[in-house]
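The values are calculated or read from the model by the stated rules, or taken from the named source; none is laboratory data. The shown structure was predicted, so the numbers you read here are calculated from the model rather than taken from an experiment. In this analysis, Cβ positions are derived from the backbone assuming ideal geometry, glycine residues included, and neighbour counts consider all displayed protein chains.
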Number of protein chains: 2
Amino acid sequence: MERFDLNILGCGSALPTTKHHLSSQVINLRDKLFMIDCGEGTQMQFRSMKLNFNRLNHIFLSHLHGDHCLGLPGLISTMGLLGRTAELHVHAQPDAEKVFKPALQYFCNRFPYQVLFHPFNPAKNELIWEDRTLKVYTIPLKHRVPTAGFLFEEKPASLRHIIREMIDFYRVPVSQIKAVKDGADFVTPEKEVIPNHRLTRPGKLPRKYAYCSDTCYFEKIIPLIEGVDLLYHEATFGEKDSASAQLTFHSTARQAAQIAKSAKVKRLLLGHYSARYPDESILLKEAQEIFPETIQGNEKMVIKI
Amino acid sequence: MERFDLNILGCGSALPTTKHHLSSQVINLRDKLFMIDCGEGTQMQFRSMKLNFNRLNHIFLSHLHGDHCLGLPGLISTMGLLGRTAELHVHAQPDAEKVFKPALQYFCNRFPYQVLFHPFNPAKNELIWEDRTLKVYTIPLKHRVPTAGFLFEEKPASLRHIIREMIDFYRVPVSQIKAVKDGADFVTPEKEVIPNHRLTRPGKLPRKYAYCSDTCYFEKIIPLIEGVDLLYHEATFGEKDSASAQLTFHSTARQAAQIAKSAKVKRLLLGHYSARYPDESILLKEAQEIFPETIQGNEKMVIKI
């Protein structure tokens, strides 16, 4: 199986503690790195997890609260000092460029590489990045400020598998087999269209990872994340603090589990813990009562998707 | 002796490593905290050294390179989330406000406290802050961008000591003893002026701490830091990399020691180490050959001044 790993750099919430760093994750898909959120201290965590700055070309910011993005100028500065020349792409809401440009112009103006901001509309579910191996979609979330989660969908490395007996039955010529494996329908000499799904079976299913933070309990995301292999859903609070969750547009661990269950995801990963919990195993317990396949996220964890 | 401690939060140079954090120090003078520089990650180090955000009212920035100031927005944001209401004073060059204002306006606009920038001219040696217990002066340094070090001078808590036999000899009345202890001359009934230094001895000498980073070897600072109790002088490089020091306007450990020796300081503290040294004891050794009273700075060190 080709590499599709999730690295957790930080899974604390607004206030950094001695235990948790601020939000940041890095996806490693076939040795290309994609960062999600970039709280203060992200570059240090990146380094201490022995990730390679040269393989990082895309950063996705869910929203513009400081704990999710204030590590950006330092990270950009460090990559410049290390001699980076490749463009860096920052996918974020339109405000991001305005907010960060003055600091970048001041601190990073002599670096031999460009930082390109790609604004997206956090209220829409749309494709915002695509390359040979990956598609990234936004997932509109509900928080105090405009916020989007992200769905990372691998492009299947393998083509569809032909069904030998159907190929023989319809006499598909060898010259057209490649197109059929790629997903094309077949047209017989008699102009009859044979739909592709009668000629082929799917190849390997594409793996999917969904990142949903920060958000209150929001059922509209369920169809957008249905069946994903791994769902990261914020679980800032436990049940006893559900009033705080409601007030601040965050979720409880139990609500995260409810979303995971309704969306029939394979596994749920918790994070974005409030600093008030000295031990987050209570959050894990509350989530597992509803959705047993729950993992308690932690710094330096690497999860295979 | 009243408390006058130096806390080292970070003593690495431009690139954070797994070993060193970016530049920041906190002076604790009689339980009031004064921060010098604020690289990314400073708020985490502040917390892990169990310092108290409520006692911090002044931040001094030596220069506007990212590794000395990019932790400022996150620190300001965290103090806001913690409910701070007291004003925070940031002493820095005139550009600082322009550079940080957009991020502060965006991320910290709803906080119940004000951040006030106090610009200073880094090319001048002048008093930039004074309160009941402390005077802070700038020390012009020589670096690639305008940079100033800082001299922290305690105001002596105790008055001058009277010399009993002289007080008796001149028949200084009891009603004037307080004025004499405060430093006043005494005028006899015959209108003869007795200068204060014949009536008193100095009380406790004021303690002094000088912070000099970043800078190349720069002899003009010597008279400004003469005899200080502790000098922090950057020692980015060792002798074998003295060409790099010259090129980047940094100092070698030996140069730091030479300055300490010429200025007859009591102790020298090294820091701002280049990431290229896996073990900085070579820097300590090179400095101690010239100035034995040298300390190798390290994160979480607390030094009594």
Take the residues of segment A:1-47 that are at pLDDT 95 or above and of a type in the set (S, T, N, Q): which is farthest from B:THR42 (Cα to Cα)?
-> A:ASN28
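Which of the residues belonging to segment B:159-180 are out of contact with any helix residue (DSSP H, G or I) (no Cβ under 9 Å at 6 or more places or on another chain) and either in a loop (DSSP other than H, G, I, E, B) or surrounded by 15 or more Cβ atoms within 10 Å (Cβ to Cβ) (or both)? So that I can check it myself, show each step before the final result.
Our first condition is that a residue be out of contact with any helix residue (DSSP H, G or I) (no Cβ under 9 Å at 6 or more places or on another chain); within segment B:159-180, this holds for B:164-165, B:168-169, B:171, B:173-176, B:178-179.
Matches in segment B:159-180: B:ARG171, B:PRO173.
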Leading residue by the ranking (nearest to the other protein chains (Cβ to nearest Cβ)) among those in segment A:6-50 that are more than 21 Å from B:GLY39 (Cα to Cα) and surrounded by fewer than 18 Cβ atoms within 10 Å (Cβ to Cβ) | A:LYS50
Residue pairs qualifying under the 7 Å Cβ cut-off, at least six apart or on distinct chains, with the first in segment B:227-250 being free of Cβ contacts under 8 Å to residues at least 60 places away in the same chain and the second being among the polar types (S, T, N, Q) and surrounded by fewer than 17 Cβ atoms within 10 Å (Cβ to Cβ), are B:PHE237/B:SER244
Got at least one residue in segment B:235-242 being at pLDDT 95 or above and within 21 Å of the chain's Cα centre (by Cα)?
-> yes
Filtered residues of segment B:99-149 (kept if surrounded by 14 or more Cβ atoms within 10 Å (Cβ to Cβ), among the aliphatic types (A, V, I, L, M) and under 14 Å from the mean Cα position of the chain (by Cα)) = B:ILE128, B:LEU134, B:VAL136, B:ILE139, B:LEU141, B:ALA148
Among the residues of segment B:57-70, which ones are closer than 14 Å to B:SER23 by Cα, more than 11 Å from every other protein chain (Cβ to nearest Cβ) and touching a residue at least 40 places away in the same chain (Cβ under 8 Å)?
-> B:PHE60, B:SER62, B:HIS63
Looking at A:GLU165, A:GLU153, which one is modelled with pLDDT of 95 or more and over 23 Å from A:HIS65 (Cα atoms)?
-> A:GLU153
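From the list B:ARG198, B:ARG160, B:ARG110, which one is of a type in the set (Lys, Arg), touching a residue at least 40 places away in the same chain (Cβ under 8 Å) and more than 30 Å from B:GLU219 (Cα to Cα)? If you could, list the steps in order and put the result at the bottom.
Details: B:ARG198 fails: touching a residue at least 40 places away in the same chain (Cβ under 8 Å); B:ARG110 fails: touching a residue at least 40 places away in the same chain (Cβ under 8 Å).
That would be B:ARG160, the only listed residue that is of a type in the set (Lys, Arg), touching a residue at least 40 places away in the same chain (Cβ under 8 Å) and more than 30 Å from B:GLU219 (Cα to Cα).
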Out of the residues in segment B:71-95 that are at the interface with chain A (Cβ under 10 Å from one of its Cβ atoms) and under 19 Å from the mean Cα position of the chain (by Cα), which is surrounded by the fewest Cβ atoms within 10 Å (Cβ to Cβ)?
-> B:LEU72
Which numbered condition A:GLY80 fails, given (1) closer than 30 Å to A:PHE249 by Cβ; (2) in a helix (DSSP H, G or I) = (1)
Exactly one condition in (1) more than 18 Å from A:LYS304 (Cα to Cα); (2) in contact with a Leu (Cβ under 9 Å, 6 or more places away or on another chain); (3) without any contact (Cβ under 8 Å) to a residue 40 or more places away in the chain is not met by A:ASN28; state its number.
-> (1)
Among the residues of segment A:186-203, is any in a helix (DSSP H, G or I) and within 22 Å of the chain's Cα centre (by Cα)?
-> no
Which residues, counting only those in segment B:105-126, are part of a helix (DSSP H, G or I) and either more than 10 Å from chain A (Cβ to nearest Cβ) or among the polar types (S, T, N, Q) (or both)?
-> B:GLN105
May I ask you to list the residues in segment A:68-77 that are outside any loop (DSSP other than H, G, I, E, B) and either out of contact with any Asp or Glu (no Cβ under 9 Å at 6 or more places or on another chain) or under 16 Å from A:VAL26 (Cα atoms) (or both)?
-> A:HIS68, A:CYS69, A:LEU72, A:LEU75, A:ILE76
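Could you please let me know if B:ASN54 is more than 14 Å from chain A (Cβ to nearest Cβ) and either farther than 21 Å from A:THR17 by Cα or within 21 Å of the chain's Cα centre (by Cα) (or both)?
It is true that B:ASN54 is more than 14 Å from chain A (Cβ to nearest Cβ) and either farther than 21 Å from A:THR17 by Cα or within 21 Å of the chain's Cα centre (by Cα) (or both).
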Kindly check whether there is at least one residue in segment B:242-258 that is in contact with a strand residue (DSSP E or B) (Cβ under 7 Å, 6 or more places away or on another chain), of a type outside the set (S, T, N, Q) and surrounded by fewer than 16 Cβ atoms within 10 Å (Cβ to Cβ).
-> no
Taking segment A:181-190 and keeping only residues that are free of Cβ contacts under 8 Å to residues at least 12 places away in the same chain and either surrounded by 14 or more Cβ atoms within 10 Å (Cβ to Cβ) or of a type outside the set (Asp, Glu) (or both), one is left with A:VAL187, A:PRO189
